[in-house]
Amino acid sequence: MNSDLLDRGYSRRDIATVLSWSDLRDIIDHRKHDSALSRALDPDGWYWNDIGAQLAAKSATALSSLRFWDLMRMGLLDDLEGDALAGYLPAEYGPSASASPAGGNAESTEVQDARAVAESLRG
């Protein structure tokens, strides 16, 4: 946190004197994805909070899938086995779909209940 304050020209001594507590809350709530606080709160996933990194990962995943389906459509994967085939299987880049964002749970019970109601309405 001290590093994030220093980036803005403040120090911890400025809290409650120069900076109000609401200012401090705003600094925390609107911190950069690569700030020291973000890295401390989510050491394994802070990088994926950047929209550019997410876009690059989704693009690489889509290209991997397209390559696989094109080779499958052309029949070029029929003779491959083992490690040779594994090199052409679609890959998922970025955080896994089951990973929950920092500070949150994977899916709330309200969302699960809503999904169950929607599924029952579909028949």
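Can you find even one residue in the stretch 2-14 that is of a type in the set (G, A, S), in contact (Cβ under 8 Å) with a residue 24 or more places away in the chain and under 24 Å from Y93 (Cβ atoms)?
The first filter runs over the stretch 2-14 and keeps only residues of a type in the set (G, A, S), leaving 3, 9, 11.
Add one more test, that the residue is in contact (Cβ under 8 Å) with a residue 24 or more places away in the chain, and what stays is 3.
Of the ones still in play, those that are also under 24 Å from Y93 (Cβ atoms) are none.
Among the residues of the stretch 2-14, not one is of a type in the set (G, A, S), in contact (Cβ under 8 Å) with a residue 24 or more places away in the chain and under 24 Å from Y93 (Cβ atoms), which makes the answer no.
Rundown of residues vs (1) assigned by TED's automatic domain parsing to the domain that holds A16; (2) of a type outside the set (A, V, I, L, M), yes/no style:
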{"site": "I27", "(1), (2)": "yes, no"}
{"site": "R31", "(1), (2)": "yes, yes"}
{"site": "A36", "(1), (2)": "yes, no"}
{"site": "L41", "(1), (2)": "yes, no"}
{"site": "A56", "(1), (2)": "no, no"}
{"site": "S65", "(1), (2)": "no, yes"}
{"site": "L76", "(1), (2)": "no, no"}
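Quick check on my filter: what residues within the stretch 29-55 are among the small types (G, A, S), under 14 Å from the mean Cα position of the chain (by Cα) and not in a helix (DSSP H, G or I)?
The initial filter retains those residues of the stretch 29-55 that are among the small types (G, A, S), namely 35-36, 38, 40, 45, 52-53.
Imposing the further condition that a residue be under 14 Å from the mean Cα position of the chain (by Cα) reduces the set to 38, 45, 52-53.
Matches in the stretch 29-55: G45 only.
Scanning the stretch 41-99 for residues being surrounded by 13 or more Cβ atoms within 10 Å (Cβ to Cβ) and among the small types (G, A, S) gives a total of 9.
Hey, could you check the stretch 1-33 for residues that are modelled with pLDDT under 75 and surrounded by 15 or more Cβ atoms within 10 Å (Cβ to Cβ) and say which is farthest from D50 (Cα to Cα)? Among those that are modelled with pLDDT under 75 and surrounded by 15 or more Cβ atoms within 10 Å (Cβ to Cβ), it is M1.
Which residue, of D26, D4, is assigned to a helix (DSSP H, G or I) and in contact with a Leu (Cβ under 6 Å, 6 or more places away or on another chain)?
Numbers: D26 fails: in contact with a Leu (Cβ under 6 Å, 6 or more places away or on another chain).
Within the list D26, D4, the selection yields D4.
The values are calculated or read from the model by the stated rules, or taken from the named source; none is laboratory data. Note that this is a predicted model, so its numbers are computed, not measured. We place every Cβ from the backbone using ideal geometry, glycine too, and count neighbours over all the protein chains shown.
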